[in-house]
Amino acid sequence: MMSDVEYLRSQLSEHPDFPKKGIVFLDIFPILRNPVAFETLITHLVHHLTSHTIPNSTSKKIDVVVGLDARGFLLGPIIALRLGAAFVPVRKKGKLPGQCVSASYEKEYGVDVFEMQAEGIQPGQTVVVVDDLIATGGSAKAAGELVAIQGGKTLEYLFIIELAFLKGSEKLDAPVYSIIQSDD
Ligand SMILES: O=P(O)(O)OC[C@H]1O[C@H](OP(=O)(O)OP(=O)(O)O)[C@H](O)[C@@H]1O
Ligand SMILES: Nc1ncnc2[nH]cnc12
């Protein structure tokens, strides 16, 4: 029988030269189109978070799930509801009302800015950051900075896919958990 990981990997689709030449785009949407695969994905991530497997974590209680614009919004709220935690979005600059904190991050061309509402995280709260994929780690690093500015403690960064050869996890201030690692 296939493991969860093998099953989820079999559901991904690869798109060479998208959105531009030289990039192999890994598409998670086939998983979301298939309710059995989507349930397997969410159950796998929630089980990971609730089964004492976060390295160096003294408490398994998670106060806040932070999801990254845009595909982290498809996973974060579901995980937060299953944990009984808050969901807080990180959005691209200029989209969130009220007082915000901001952090810049590097994209392939130039810089972009992420924001979080200032009341999103209280000092001392425990946080996991969720996104579909980590490539260079720039987006996740900026999200971690927003958590730290607010006095939150990031316990872990969670992804479906890690492009391991880019070593994005080395930029981050907490452990990374990814279901699928891609080495090319
Ligand atoms: O590790 P990094 O090099 O920062 O790249 C990872 C980010 O890139 C993708 O989003 P993208 O910036 O394409 O934006 P989108 O979610 O709006 O499509 C992906 O969903 C991550 O958020
Ligand atoms: N190769 C890739 N596939 C999907 N999303 C990405 N975001 C950054 N790199 C990506």
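The values are calculated or read from the model by the stated rules, or taken from the named source; none is laboratory data. All values reported here derive from a predicted model rather than from experimental measurement. So basically every Cβ, Gly included, is an ideal-geometry build from the backbone, and we count neighbours across all protein chains shown. Ligands, DNA and RNA are stripped out before the accessible areas are found, and what is left, the full protein with its side chains, is counted by its heavy atoms. Shrake-Rupley method; radii C 1.70, N 1.55, O 1.52, S 1.80 Å.
Which residue is nearest to ligand 2 (Cβ to nearest atom), if the candidates are limited to the range 155-171 and must be under 19 Å from VAL90 (Cα atoms) and over 12 Å from the mean Cα position of the chain (by Cα)?
Of everything passing the filter in the range 155-171, GLY168 is nearest to ligand 2 (Cβ to nearest atom).
Yes/no per residue for (1) among the aromatic types (Phe, Trp, Tyr); (2) part of a strand (DSSP E or B); (3) within 11 Å of ligand 1 (Cβ to nearest atom); (4) in contact with a Lys or Arg (Cβ under 8 Å, 6 or more places away or on another chain):
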residue	(1), (2), (3), (4)
VAL88	no, yes, no, no
GLY94	no, no, no, no
SER102	no, yes, no, yes
GLU115	no, yes, no, yes
GLY120	no, no, no, no
PRO123	no, no, no, no
VAL128	no, yes, no, no
ASP132	no, yes, yes, yes
ALA140	no, no, yes, yes
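Just to be sure before I move on: is PRO35 within 16 Å of ligand 1 (Cβ to nearest atom) and either at pLDDT 95 or above or of a type in the set (Ser, Thr, Tyr) (or both) in the structure I sent?
no
Please work out which one of (1) over 20 Å from ILE42 (Cα atoms); (2) more than 12 Å from ligand 1 (Cβ to nearest atom) is the condition GLY168 fails and give its number.
Just one mismatch for GLY168, condition (2).
Quick one: in the range 10-30, which of the residues that are within 14 Å of ligand 1 (Cβ to nearest atom) and among the charged types (D, E, K, R) is most open to solvent (accessible area, probe 1.4 Å)?
Only one residue fits best here, namely LYS20.
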